[in-house]
Amino acid sequence: MKITAAVLARTGDNPRPYGEHRPLELATLTLDPPQAGELLVRIDAAGLCHSDLSVVNGDRPRPMPMALGHEATGIVEALGPGDDMQFAVGDRVILAFLPSCGECVRCKGGEPYMCAAGAAANGEGRLLSGARRLHDACGHEVHHHLGVSAFASHVVVDRRSAVKVDRDIPAHIAALFGCAVLTGAGAVINSAAMRPGENVLIYGLGGVGLASLLAARASGAGTLVAIDPSAEKRAIATELGAEALDIEEAHRLPELFPNGGADLVVETVGRAAVLKTAYAAARRGGRIVTVGLPNPAEAFTIPAVSLVADGKTVIGSYMGSSIPARDIPRYIAMWRAGRLPVEKLLTSISPLSQINTLLDGLADGQAIRQVIVPDAA
């Protein structure tokens with residue numbers, strides 16, 4: 001079938017402003033039908049995430065050309081051949097950006113977010129089966145982004161990239177659970193195993209950072225502090241019960257955490273320098289969870305002796321150490337109960353045709369989550 005998708009031709013050599021230079025082209029592609037173990041999904045809404053921007057600006061190199069987008073929800077329109085007792089045509093699904101094979105040591109050990117097969121497929125721009133279902137007008141393959149490629153009218157995904165949810169969830173809300181909530185809330189609940197009463201500090205209030213803040217509040221944080229240069233984002237954090245600081249106000253941290261630092265520090269910015277600052281802000285024996293994805297050339301350096309002398313723990317958190325089929329439904333239940341108001345992440349809802357301009361808003365640090373919907377036919 002013919003679809004419309006936002007395709008990136010090259011990575012890392014895309015001048016700004018993106019709205020003027022238009023690195024993403026809305027192209028007509030051929031989408032092959034789903035094969036065994038795959039689903040055809042009509043995209044209803046997709047969130048624009050910093051991981052998408054990182055491919056555009058070269059912080060996250062990927063094979064080109066690539067159809068971008070990885071945080072999304074949609075409706076199943078067709079199943080690949082073979083019996084499927086899990087999905088049916090008409091189901092609403094939320095798409096997760098790392099399919100897990102279910103057979104490797106990590107998957108069988110309860111860590112599917114560390115699946116080597118899924119990570120390799122994502123790095124090579126293909127589905128878990130090894131196939132690519134997208135082709136340009138000349139018949140050349142177009143790479144998949146994180147097994148999803150959601151900035152499109154339709155996608156074919158591995159069924160292990162999809163989680164069935166109730167149809168009554170608004171699409172612009174459902175999309176946010178696929179990355180921002182899965183990653184940010186998971187960093188606090190899964191990776192850090194935060195305990196009620198712990199004092200929490202969060203660096204960065206993008207979609208993932210704000211989701212971390214929501215989860216920390218829902219988990220019973222004591223002192224809750226967030227740092228971000230955006231006044232608009234700080235206002236939202238304040239509304240949600242956090243003490244929100246500008247970067248220049250970081251000198252107040254000893255006053256806010258008088259016992260030598262925070263119990264838990266969450267770094268979501270994706271810069272090694274910020275991670276180093278986050279490490280210093282944790283108390284002795286504290287935990288530092290990092291979910292940001294810095295450029296591969298950046299190095300994180302600390303005095304080696306401090307790991308023993310200060311007893312700190314640095315925790316890398318990919319996809320919030322989440323199991324999507326388990327965690328997406330429980331986060332949705334928290335949202336329904338009013339404990340996880342993810343609608344606070346939503347900055348705007350815009351048509352796919354505005355995607356390049358929306359990239360500028362993300363790169364400028366002003367947007368939290370801009371949700372994209374396919375243009376009307």
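The values are calculated or read from the model by the stated rules, or taken from the named source; none is laboratory data. Keep in mind that what you see is a predicted model, and the values were worked out from it rather than measured. In this analysis, Cβ positions are derived from the backbone assuming ideal geometry, glycine residues included, and neighbour counts consider all displayed protein chains. Each accessible area value is taken on the protein alone, full model and side chains, heavy atoms only, with ligands, DNA and RNA left out. Shrake-Rupley method; radii C 1.70, N 1.55, O 1.52, S 1.80 Å.
Accessible surface for F97 stands near 10 Å², nearest 10, in the context of the full protein assembly shown (1.4 Å probe). A prolate overall shape is assigned to the chain, the ratio a/c of its alpha-carbon gyration tensor axes (a ≥ b ≥ c) being 1.5 or greater and a/b exceeding b/c.
Our summary gives segment 8-99 a relative contact order of 33 percent, counting only alpha carbon pairs under 8 angstrom and 6 or more residues apart. Across the chain, C-alpha contacts under 8 Å between residues 6 or more apart give a mean separation that, scaled by the residue count, equals a relative contact order of 19 percent. Taking Cα centre as origin and charging only the Cβ of basic (Lys, Arg, +1) and acidic (Asp, Glu, -1) residues, the dipole magnitude of the chain rounds to 740 debye.
Listed by chain and number, the lysines placed with their C-alpha closer than 25 angstrom to that of K233 are K276, K344; residues fewer than eight positions away on the same chain are left out. Each of the trypsin sites (Lys or Arg not before Pro) that DSSP puts in a loop and that has at most 13 other Cβ atoms within 10 Å breaks the chain; the longest unbroken stretch is 168-377.
Protein-only accessible surface at a 1.4 angstrom probe places the residues E267, E298 in the order E298, E267, largest first. Within the accessible surface of the chain, defined with a 1.4 Å probe on protein heavy atoms only, the carbon and sulfur portion equals 54 percent.
Quick check on segment 74-187: take the gyration tensor over C-alpha atoms, sort the square-rooted eigenvalues as a ≥ b ≥ c, and tell me if it's rounded (a/c under 1.5), prolate or oblate. Kindly include the intermediate steps, with their values, before the conclusion.
Values: a/c = 1.34, a/b = 1.02, b/c = 1.31.
Note, shape of segment 74-187 comes out rounded.
Counting DSSP beta bridges with both partners in the chain, what percentage is antiparallel, nearest 5?
About 60 percent, rounded to the nearest 5.
Here the contact order of segment 96-148, divided by its residue count and restricted to Cα pairs under 8 Å and six or more residues apart, works out to 33 percent. Applying a DSSP loop filter and a limit of 10 other Cβ atoms within 10 Å to the GluC sites (Glu not before Pro) in segment 98-204 leaves E103. Where the centre of each part is set by its Cα atoms, how far does segment 21-92 sit from segment 273-289, in angstrom? About 36 Å separates the Cα centre of segment 21-92 from the one of segment 273-289. For segment 272-328, the solvent-accessible area of protein heavy atoms averages 47 Å² per residue (probe radius 1.4 Å; ligands and nucleic acids excluded).
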